[in-house]
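Chemist: Structure provided below as structure tokens; questions to follow.
None of the figures in this text is laboratory data; all of them are computed from the coordinates on show. Remember, predicted model here, so these are calculated numbers, not experimental data. FYI the Cβ positions are ideal-geometry reconstructions off the backbone, even for glycines, and counts take in every protein chain you see.
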Amino acid sequence: MSLNGKDQLLRQARMPTHSMVLISMGALSWVTELENISATGLLTARPAEWGGAVGERCMLDLLAGDDLHIHLEATITRLTESQLAFTYASIPEEKEQALWELLGEYADDLDRPITQAPK
């Protein structure tokens, strides 16, 4: 996120989407649904029997349509009872173009400011 003014942060625009995501952590794996994606991370539904924690790294396989498969490494940044948020840790160079094409106009856009509580 980037600072914009005294008490506001900007974040990458999120593109709502619904496709499948395979989350892998060592020998464990879960299939879930992608809720939205941005140039810096993504949000999924939290799978049943989830076993990860904030700060852990995972391998993600995004499956969109019949011909798009994006394999990348991400860090868990937020957990709720119903969702998981990830920040990309590593995107293989050969998958970057596919990710930018998936994001389209969302790749460079910034979302509305997030107002921060006074310190």
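Chemist: Quickly work out the Thr87-to-Glu33 label distance, labels modelled 7 Å from Cα along the C-beta direction, and quote it in nm with one decimal.
Modeler: It is 2.8 nm.
Chemist: By per-residue mean of other Cβ atoms within 10 Å, what is the highest-first order of 29-36, 74-81?
Modeler: For the peptides 29-36, 74-81, the packing ranking is 29-36, 74-81.
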